[in-house]
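Since the structure comes first, as structure tokens, the remarks are kept for the end.
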Amino acid sequence: YYRREWQLIRGVPIVWAFAQNWERIDNFQARCDDIVIATYPKAGTTWMSEIVDMILHAGNDEQCGRDFIYNKVPMLEFWAPNVLAPGTKTLEETPSPRVIKTHLPVSLLPKSFWEKKSKVVYVARNAKDLAVSYYHFDRMNQLHPEPGTWAEYLEKYVAGKVGYGSWYDHVNSWWEKTKDHPVLYIFYEDMKEDPKREIRKVAQFLGKDLGENVLENIVNKTSFEVMKDNPRTNYVTNTAPFFQTDISPFMRKGVAGDWKNHFTVAQNERFDEDYGRKMAGSPLCFRTEDHQP
Ligand code: A3P
């Protein structure tokens, strides 16, 4: 049983189902060799999950094809323990090294991750493409409230009244954390521009020295086209009924700059003005154009 609504946890809207029994999140026991993939939703979580899994298995195709991405890289909010199918699986049973994904903002991450100094790979994506991607995701994800029209949705997004709260707070507070925690901060647009360079950075951060051939294999296997056709990453054969990929596919477009097909000129002007205010003083600089080589 689940409701299609958000529930506030310390002021942050969370998927109703995930918000149940929140002590299981607060009391989650991290391990020092956990690898956390943290993102605001739609920033490239699945892409980075597949990359990290391939890095850990040195690109071994058989190993990497062993299971669905949501089992290989379980989501903290879902699996600690599983709120929708209690008793089926817990992250406690997962052997080390665990790769755990989460969309939690810094303020809600279980404190044991900070204490154990677990490594975090954070992926950030520009606010405009992210809004578009999130809008289509809210249409197809049956655990999320209906987004309404694009214009209505954009208002909610800018106000932080969407799942996991404000994009602006999320990206800035995770950036702050790079100062006192092992956080590798990666940009989606940089991954699009030069995936090999960014994958090498992630491998180095995880202490893996990969040869050129392995790196190139990972670049190819994690390209949008390959992941879109891969049943283990595209959610088309998803066993959970929550993603209705006939409404909008999970692997939707996978580009930078799609916002231009959605924002009107007026929406863009208002967005930029508000963005300037909210991001004043932030050292973060996002690219909103397609920079493919
Ligand atoms: P779009 O909706 O803009 O296409 P997340 O995994 O965090 O939910 O993010 C999903 C977004 O990442 C979607 O964006 C999806 O298409 C995109 N994506 C997934 N795999 C990708 C890949 N290999 N390369 C580029 N983009 C990818």
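Structure notes:
- Full extension of the chain between residue 180 and residue 1 yields a length gain of 60.4 nm, computed as 0.36 nm times the residue separation minus the alpha carbon distance.
- Nearby aspartates and glutamates by direct alpha-carbon distance to residue 179 (threshold 18 angstrom, same-chain neighbours under 8 apart not counted): 115, 169
- Scoring 158-166, 48-56, 6-14 by mean Cβ neighbours within 10 Å over their residues and listing the highest first yields 48-56, 158-166, 6-14.
- Dipole of segment 78-161, positive direction: furthest Cα of 108, 78, 130, with charges on the beta-carbon: 108
- The apolar share of the surface of the chain, taken as the fraction of accessible area on carbon and sulfur atoms (1.4 Å probe, ligands and nucleic acids excluded), comes to 52 percent.
- Residue among 210, 224, 244 farthest towards the positive dipole end of segment 186-244, charges placed on Cβ: 244
- Which listed pairs, of 42/278; 72/196; 72/119; 192/228; 228/278, have C-alpha distances above 25 Å, in listed order: 228/278
- Gain on full stretching of the segment that runs from residue 114 to residue 255 - 0.36 nm per residue minus C-alpha separation: 47.5 nm
- On the beta carbon distance between residue 280 and residue 146, with R0 = 41 Å, the FRET formula returns roughly 0.80.
- Basic side chains Lys and Arg get +1 at the Cβ, acidic Asp and Glu get -1 at the Cβ, and with that the dipole of the chain about its Cα centre reaches some 440 debye.
- Antiparallel beta bridges, as assigned by DSSP with both residues in the chain, represent about 30 percent of the total such bridges.
- Convex hull (Cα only) mean projected area of the chain, reported in nm² to one decimal: 14.6
- For segment 98-245, the alpha-carbon radius of gyration amounts to 1.16 times the rule-of-thumb value 2.2 N^0.38 Å expected for a compact globular protein.
- Once you reduce segment 1-60 and segment 237-293 to the center of their Cα atoms, the two points are 20 Å from each other.
- Cα gyration tensor shape of segment 1-114, rounded if a/c is under 1.5, else prolate or oblate by comparing a/b with b/c: prolate
- Each principal axis of segment 159-293 carries a Cα extent, and these read 45, 42, 32 Å when sorted largest first.
- Here segment 231-270 is scanned for amide nitrogen atoms under 14 Å from the site 7 Å beyond the Cα of residue 155 along Cα-to-Cβ, giving 267.
- Residues with amide H under 5 Å from that of residue 36, placed H, sequence gap 5 or more: 100, 119, 120, 121
- At a probe radius of 1.4 angstrom, the accessible area of the chain per residue rounds to 44 square angstrom.
- Only Lys, Arg (+1) and Asp, Glu (-1) charged, at Cβ; segment 1-127 dipole about Cα centre in debye: 380
The values are calculated or read from the model by the stated rules, or taken from the named source; none is laboratory data. Nothing here was measured: the structure is a model prediction, and the numbers come from that model. Backbone-built Cβ (ideal geometry, glycine too); neighbour counts: all protein chains shown. We work out accessible area using only protein heavy atoms, side chains counted, and drop any ligands, DNA or RNA first. Shrake-Rupley method; radii C 1.70, N 1.55, O 1.52, S 1.80 Å.
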